[in-house]
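**Student:** Provided herewith is a single structure, encoded as structure tokens, for subsequent inquiry.
Please treat every number below as a calculation from the coordinates, not as lab data. As the structure is a computational prediction, the values presented were derived from the model and not from experiment. Note that we place each Cβ from the backbone using ideal geometry, even for glycine, and neighbour counts take in every protein chain shown.
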Amino acid sequence: MEGCDRFPFCRFPPMSEPSEGPNDGATTLVFHGPVTRSEVAKWHGLLVSAFAKGPVRPVRLDLTASGPWDLAGLQLLLAAMISARKVGREFILQGPPSVLRELAERAGASALLAPAWGETQA
Amino acid sequence: MAIDTRFLGLFLEEARELLQALEAGLMDLEARQGDREHIDRTFRAAHTLKGAAGMVGLSGIAKFTHGVEAVLDKFRSGALPVTAPAITRLLQARDYLASAIDAVAEGGQPGEPDIELVADLSVLATGGDLAPGGTQPTITTPPILFDDETGTPAVEVPVTYRVTFTPQVEMLREGTNPLGFLDELRELGELRVLVRTDRLPDLGELDPTECYLTWEADLTTTAERSRLDEVFLFLGDPRQVVVTRADASPAESPALERPLPDSGPTRNNEPAKGTKTVGTRVRVDAERLDQLVGMAGELAVLTDSLPNLVGASSDPAWSGAIEALERLGRLLRDTTLELRMVAVEELFVRFPRLVRDISERLGKKIDLKIEGADTQLDRTIIEHLFDPMIHLIRNAIDHGLEPPEERLAAGKDPVGQIRIAAGHEGDRVAIRISDDGLGLDRAKVLKKGIRQGLVPADTPIDDPRVATLIFEAGFSTKEQVGELSGRGVGLDVVRDTIRNLRGTVSYRSVEGQGTTFLIQLPLTLAMIDGLLVEASGDRYVVPIGQVDECVALPSEELSSTLGRPAAVVRGELVPIVSLWATLGRRETPTAGRRELLLTRYAERHVAVAVDRLLGRVQAVIQPLDSSLCSHRACFSGTTILGDGSVSLILDLSGVVADARAAETNGGAALRN
């Protein structure tokens with residue numbers, strides 16, 4: 001795995017850049033590692049730039065390697081999902097880890113996110 | 001659950017305060033049965049501690065505290081009478097929590113609570129009573145190990161409440177997790193939660209560190225309504241939560257017991273009209289505060305010298321600016337000095353428990369009265385005052401107050417009185433610890449003093465030295481060494497500790513009527529009034545409080561006794577200690593006279609000779625780096641003088657002690 005491009009010795013994976021999905025033309029973002037209050041600004045910036053890409057295309061978040069999650073991360077997902085809905089953009093959450101599902105359940109957000117859940121992490 | 005170290009420091013600080021509040025509350029519970037406000041306050045201390053411990057992941061402490069809380073809840077509902085054995089057990093539970101929190105503070109793990117204590121709390125939490133000896137339940141019920149976090153329901157019929165929770169947008173950023181409140185609600189019954197996104201902005205306008213989500217939750221529970229309120233006790237602004245009966249008709253519903261927040265996010269800095277703005281406090285690291293006080297003091301010292309510069313320019317703006325700077329410098333110094341002041345209540349609040357425990361152990365009945373707890377003192381003084389005060393209180397209970405039967409026989413109330421009173425006297429704070437016990441047996445003190453060779457055998461009973469014997473190291477009149485006192489270790493330490501705080505301790509005792517110890521202390525340790533003196537060309541600051549008198553004597557009036565310099569001051573032969581000699585400096589030739597600073601050492605006058613007195617100064621004390629000098633005991637700190645030079649602050653008792661030690665080593669001890 002390549003290191004982060006900001007620091008030569010960083011062992012974290014590089015930040016995801018929006019990329020086009022193979023078949024559906026969706027903009028895919030890969031979330032690696034923590035999505036908590038400390039890091040949420042970074043993921044927010046990434047989502048905003050993905051949403052800024054026109055024309056309106058589906059956005060897929062690959063969450064398979066993400067976690068831990070906290071309420072700030074969950075709130076970001078909800079904001080992204082609602083913003084996507086407003087402009088008729090498809091929003092897919094791929095491979096949400098069980099920790100995120102549990103958090104959503106605890107926060108009473110499961111029903112709201114249910115339409116966006118894709119495949120669950122194995 | 002792992003410990004959340006981010007907030008551990010804050011938790012530990014808060015936990016200690018809560019434990020203090022819990023102890024104070026428990027101490028008064030017996031006397032204030034039926035005082036709903038008091039029991040609520042005590043309950044809240046336990047409840048808040050439980051919640052705070054849970055939030056930082058200390059689940060063991062949270063669970064144990066839940067047991068304490070459950071017992072207090074029984075008191076509150078009237079299901080359990082407040083009895084002495086129950087209070088004793090709860091105080092022991094508090095002690096366990098204190099030790100567990102100390103262990104966490106030291107980076108360890110909280111130890112396991114005593115199994116009998118847990119069993120007793122379980123009995124109490126289910127409404128059982130304890131036998132007076134404790135640990136012998138009068139009813140047999142399976143012990144609750146506090147895993148049942150819902151506690152014992154007081155209301156048997158389940159009720160559904162609708163909880164609307166609108167957290168302040170800053171909540172996440174301030175480190176509070178709103179889900180923690182929902183988790184607590186879940187502990188009370190069956191909870192159905194729905195998140196609301198009404199105030200969630202578009203993604204582009206979102207500040208992801210703020211909390212825009214709100215919640216509606218239906219809680220079906222048999223718990224009392226007040227338990228729901230307690231879940232949200234931490235919230236600064238109660239408008240964030242609205243609780244209504246979801247299963248009542250609108251007419252019956254106590255809906256909107258608290259007004260709904262205005263639309264839009266609620267911010268701390270935007271209080272609604274008519275709401276009382278609560279004063280906010282900021283926790284500041286004590287070391288940083290001391291640095292600030294030191295810097296403000298130095299600034300004030302420097303600005304005090306500014307008037308000398310007024311003539312440097314004829315521009316009126318120049319003199320105006322100098323005056324303003326000088327005024328601001330003083331203001332800043334005074335304000336920062338006030339920041340170090342705390343109420344002695346922080347100290348006094350620990351004494352009722354101590355008195356209760358000791359009196360129980362000794363079988364004495366005691367009524368403790370505390371007065372002037374709002375008197376303010378320097379934080380550092382308060383930190384060091386606990387041990388000496390504890391000693392004096394223990395002495396009062398152990399040596400002073402008689403057992404009830406003896407008091408009755410002497411025509412006294414069987415309940416002994418101990419009074420702790422603080423107040424301002426001039427520019428000092430006076431703390432009095434009084435008892436109405438036996439008083440000091442002067443004959444016994446004298447006899448013991450003679451036996452120990454502390455006073456000559458022919459010393460009359462009214463000799464003033466008799467009164468000071470009790471402050472001698474190893475002196476005790478108690479015939480039997482007890483668990484609490486009588487070991488002869490103490491009053492000398494008390495005196496030394498108070499002296500180190502630049503205070504004094506004295507006492508007055510009337511045989512058969514009681515004893516009062518008086519501790520007098522400066523308001524602050526950050527600054528002193530000092531005398532600037534010169535010796536061997538160096539300038540030193542001497543705290544004025546250590547100087548009884550300044551005397552200038554012609555050299556021909558100086559004499560010597562047994563080969564050591566001395567002077568006769570108003571008929572009293574006073575040994576002289578030379579500052580330059582003690583500090584290993586060269587003596588400066590003087591023009592026919594000596595400046596002597598009269599100080600007290602071991603209750604006798606000793607004169608410290610210096611070259612010149614330069615005047616009075618106000619000095620901000622800075623800690624002394626021990627590597628700076630070889631005569632560490634002679635100095636209490638350093639200070640920066642108005643001209644920017646650094647000066648050492650002398651401790652005259654250290655100077656005399658050093659001189660005495662040097663003479664002893666040289667074979668000629670300075671005799672008292």
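**Student:** I need the peptides B:314-325, B:521-532, B:290-301, B:194-205 ranked by packing, meaning the mean over residues of other C-beta atoms within 10 angstrom, with the highest value on top.
**Tutor:** Highest mean packing first, the order is B:521-532, B:290-301, B:194-205, B:314-325.
**Student:** Highest mean first, how do B:63-76, B:347-360 rank when packing is the count of other Cβ atoms within 10 Å averaged over residues?
**Tutor:** Going from most to least packed, we get B:63-76, B:347-360.
**Student:** Turning to a different aspect of this structure: Each residue of segment B:527-542 in turn: what ³J(HN,Hα) in whole Hz from Karplus with 6.51, -1.76, 1.60 and θ = phi - 60°, glycine and Pro shown as x?
**Tutor:** 9, 10, 7, x, 9, 8, 10, 10, 8, 6, x, 9, 9, 10, 9, 10
**Student:** Enumerate the amide H contacts of residue B:366 below 5 Å, restricted to partners 5 or more residues apart or on another chain; note that Pro and chain-start residues carry no placed amide H.
**Tutor:** Excluding prolines and chain starts, which carry no amide H, the hits are B:416.
**Student:** Please work out the C-alpha center-to-center distance from segment B:488-541 to segment B:1-65 and express it in whole Å.
**Tutor:** If you average the Cα positions of each part, the centres end up 37 Å apart.
**Student:** Quantify how strongly other chains surround peptide B:196-202 by giving the mean number of their Cβ atoms within 10 Å of each of its Cβ atoms.
**Tutor:** 4
**Student:** Charges at C-beta only: +1 for Lys and Arg, -1 for Asp and Glu. How large is the resulting dipole of segment B:163-236 about its Cα centre, in Debye rounded to 20?
**Tutor:** Once rounded to the nearest 20, the dipole reads 160 debye.
**Student:** Turning to a different aspect of this structure: Quick one: B:432, B:333, B:32, fewest Cβ neighbours within 10 Å first, how do they rank?
**Tutor:** With the sparsest Cβ surroundings first, the list reads B:32, B:432, B:333.
**Student:** Hey, can you rank B:47-58, A:58-69 by average C-beta count inside 10 Å, highest first?
**Tutor:** Packing proxy ranking, top to bottom: B:47-58, A:58-69.
**Student:** Would you mind checking B:50/B:74; B:365/B:444; B:74/B:369; B:365/B:412; A:53/A:86 for any pair whose Cα atoms are more than 22 angstrom apart?
**Tutor:** Listed pairs above 22 Å: B:365/B:444; B:74/B:369.
**Student:** Restricting to Cα pairs below 8 Å that are 6+ residues apart, what does the relative contact order work out to for segment B:59-134? Please round to a whole percent.
**Tutor:** Relative contact order of segment B:59-134: 45 percent.
**Student:** Still on this structure, I have one more. For peptide A:74-86, how many partner chain Cβ atoms fall within 10 Å of a residue's Cβ, on average?
**Tutor:** For this peptide, the per-residue mean of nearby foreign Cβ atoms is 4.
**Student:** Below 8 Å between Cα atoms, with a sequence gap of 6+, how large is the relative contact order for segment B:11-89 in percent?
**Tutor:** 32 percent
**Student:** Here's a follow-up. Take the alpha-carbon centre of segment B:345-400, take the same for segment B:162-198, and report the distance between them in whole Å.
**Tutor:** When both Cα centres are located, 43 Å separates them.
**Student:** I would also like to ask the following. Residues of B:169-179, mean number of Cβ from any other protein chain within 10 Å of their own Cβ, rounded to a whole number?
**Tutor:** Mean shielding by partner chains, rounded to a whole number: 2.
**Student:** Given H placed 1.01 Å from N in the peptide plane, which residues other than close sequence neighbours of residue B:635 have an amide H under 5 Å from its amide H?
**Tutor:** B:651
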